[in-house]
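Data first, discussion second: the structure below is written as structure tokens.
The values are calculated or read from the model by the stated rules, or taken from the named source; none is laboratory data. Not measured: the values here are computed from a predicted model. Here the Cβ positions follow ideal geometry from the backbone for every residue, glycine too, while neighbour counts run over all protein chains shown.
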Amino acid sequence: MRTIARTSTRIITALKRELTHASVHQGAHDVTGRPIEVAEAWEALSHAGARLRELDRVTGTYEIRVSSSLHYLLRRTAPGVPDRIDVVVDRDPDAFTDVTVFVNGREVSGPTIAVHVVDPGATGPDHEWLESVTEHEDDVPAAVRDLFDETARRYHDGVACDDERCTPDDNTDSTHAHQAAAA
């Protein structure tokens, strides 16, 4: 554990660019803390007696300790790995389903957000519905396709289907043979 002097402005300036996440901790037993803006944590360094310490060089975790009962943790995040993703789904039964995505508390949108909704609707999960929702664009990742298709098939398996392409598989009673027909 290394303490960084407040006069090391070059080091502190570099850390202010690198450390993108911060949390405030009240007391010795507050392990999780409360997420805050990074600027608030850096302000704490101006308190008399506050110390900046490097806790872990590998993970990029730093602490600003103001007192024995108040400290701030600052850290960098691995590239491309968000700390938190929140998804709000507004499913209006008489209109479209609206999905809003937040990454680290900030709303994101654009072509990088792909929303996949499994909703058989009022007509139910008949065979036509199943075939239409299990047709994917080429850029949909395999893991997303698999989960989506599995979920859609669970809906479809729960209804009586007299479509000739939909006969129970020999291995399980609940799986339909339409997997082969769709291929």
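Details
- Meets criteria (within 26 Å of residue 91 (Cβ to Cβ) and either surrounded by 13 or more Cβ atoms within 10 Å (Cβ to Cβ) or at pLDDT 80 or above (or both)) for residue 163: no
- Selection status of residue 97, out of contact with any Pro (no Cβ under 7 Å at 6 or more places or on another chain) and without any contact (Cβ under 8 Å) to a residue 12 or more places away in the chain: no
- Matching strands (runs of 3 or more DSSP E) fully within the stretch 1-75 where at least 3 residues are out of contact with any helix residue (DSSP H, G or I) (no Cβ under 9 Å at 6 or more places or on another chain): 34-36, 51-56, 61-67
- Residue 100 passes every criterion in (1) surrounded by 10 or more Cβ atoms within 10 Å (Cβ to Cβ); (2) in a loop (DSSP other than H, G, I, E, B); (3) of a type in the set (Ser, Thr, Tyr) apart from (2).
- The test for being at pLDDT 90 or above, outside the structural domain of residue 144 (by TED's automatic domain parsing) and exposed (fewer than 10 other Cβ atoms within 10 Å of the Cβ) does not hold for residue 23.
- Among the residues of the stretch 103-157, the one identified as part of a loop (DSSP other than H, G, I, E, B), acidic (Asp, Glu) and touching a strand residue (DSSP E or B) at 6+ places or on another chain (Cβ under 7 Å) is 119.
- Among residues of the stretch 98-131, those that are within 15 Å of residue 163 (Cβ to Cβ) and either of a type in the set (Ser, Thr, Tyr) or at pLDDT below 80 (or both), counted: 1
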